[in-house]
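The values are calculated or read from the model by the stated rules, or taken from the named source; none is laboratory data. This is a predicted model, so every value here is computed, not measured. All Cβ positions, even for glycine, are placed from backbone atoms using ideal geometry, and neighbour counts span all protein chains on display.
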Amino acid sequence: MVNVTVWNENRHEQKNPVVRDIYPEGIHGAIASFLKEDQVEVKTATLDDPEHGLTDDILNTTDVLIWWGHLAHDEVDDAIVDKVKERVLDGMGLIILHSGHFSKIFKTLMGTTCDLKWREADDKERLWIVEPSHPIVDGIGEYIELEKEEMYGEHFDIPAPDQLIMMSWFEGGEVFRSGCTYQRGNGKIFYFRPGHETYPTYHNDEIQRVIKNAVNWAKPADRSRPVYGNAKPLETIKEKTDS
Ligand code: ZN
């Protein structure tokens with residue numbers, strides 16, 4: 001059983017009735033509820049919970065952390081960000097959604113500004129699958145189409161992804177690297193673009209499928225961690241003689 005924690009800033013839901021109507025249980029609640037269909041153990045955590053809901057206990061038992069944030073990236077405690085980073089390097093999977101591109105944890109792990117172009121104008125979005133054999137797009141056709149979404153455009157200031165899984169096209173003409181994987185230490189990271197709070201994107205079956213697949217892909221590998229430091233030889237090293 002994979003243990004997933006869905007973390008959401010949960011601020012738009014408090015301030016904006018449009019968002020509350022689309023996600024009455026919050027974005028975290030919507031994501032948790034479709035993940036539960038998949039035999040996954042799901043917890044949710046939000047910014048305003050003590051320690052943002054990411055206590056040592058929770059972090060140490062989380063296999064995959066999903067992150068949605070936008071308005072309040074700066075309010076996330078640096079000490080918590082450090083702990084999340086440490087867990088990712090130790091093997092915890094991390095899925096960064098939409099405006100999480102500007103979260104402290106994503107920027108720290110990428111080492112770049114993670115900046116991009118954006119526009120809220122009801123653009124149609126078509127996410128083309130450019131790595132069709134990747135497990136994250138199992139069950140998905142040539143593309144996913146979203147009737148209305150916020151536009152994110154290149155240039156997206158990220159390091160070159162280990163694997164680029166999806167490229168978005170927007171009605172206004174821009175393109176964007178929408179599905180990117182990275183490995184950092186023992187951990188696997190997936191950035192997935194769609195999910196602006198005023199659109200029902202997380203109710204879309206194909207978007208849900210991608211997130212479910214990503215959980216399965218990002219869960220920690222079933223192997224022991226590498227050993228570092230001073231090492232005894234595996235073989236007897238022959239004495240070198242001066243000739
Ligand atoms: Zn947005």
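Of the conditions (1) over 25 Å from Arg87 (Cα atoms); (2) free of Cβ contacts under 8 Å to residues at least 12 places away in the same chain, Glu13 clears all except one; give me its number. Of (1) over 25 Å from Arg87 (Cα atoms); (2) free of Cβ contacts under 8 Å to residues at least 12 places away in the same chain, only one is false for Glu13: (2).
In this structure, is Val81 within 16 Å of the ligand (Cβ to nearest atom), over 22 Å from Asn216 (Cα atoms), in contact (Cβ under 8 Å) with a residue 12 or more places away in the chain and part of a helix (DSSP H, G or I)? Against the criterion (within 16 Å of the ligand (Cβ to nearest atom), over 22 Å from Asn216 (Cα atoms), in contact (Cβ under 8 Å) with a residue 12 or more places away in the chain and part of a helix (DSSP H, G or I)), Val81 does not qualify.
I'm trying to understand the selection: among the residues of the range 59-106, which are small (Gly, Ala, Ser) and surrounded by fewer than 20 Cβ atoms within 10 Å (Cβ to Cβ)? Spell out how you get there, then give the answer.
Keep residues of the range 59-106 that are small (Gly, Ala, Ser), which gives 69, 72, 79, 91, 93, 99-100, 103.
Hits for the range 59-106 are Ala72, Ala79, Gly91.
For the range 150-177, filtered to residues that are in a strand (DSSP E or B) and among the β-branched types (Val, Ile, Thr), the residue that is farthest from Asp138 (Cα to Cα) is Val175.
Considering His134, His98, the condition of being under 22 Å from Trp67 (Cα atoms) and over 15 Å from the mean Cα position of the chain (by Cα) is satisfied by His134 alone. Considering the range 108-130, and only residues there that are within 13 Å of the ligand (Cβ to nearest atom) and in a strand (DSSP E or B), the residue that is surrounded by the most Cβ atoms within 10 Å (Cβ to Cβ) turns out to be Glu125.
Taking the range 218-239 as the range and being among the small types (Gly, Ala, Ser) and closer than 30 Å to Pro135 by Cβ as the test, the residues that pass are Ala218, Ala221, Ser224. Taken over the range 6-49, the criterion of being of a type in the set (Phe, Trp, Tyr) and surrounded by 20 or more Cβ atoms within 10 Å (Cβ to Cβ) is satisfied by Trp7, Tyr23. Among all residues of the range 195-203, there is none that is in a strand (DSSP E or B) and not charged (D, E, K, R).
Residue pairs whose Cβ atoms lie under 8 Å apart, separated by 6 or more positions or on different chains, with the first residue in the range 103-117 and more than 21 Å from Leu47 (Cα to Cα) and the second small (Gly, Ala, Ser) and at pLDDT 95 or above, are Leu116/Gly153; Lys117/Gly153.
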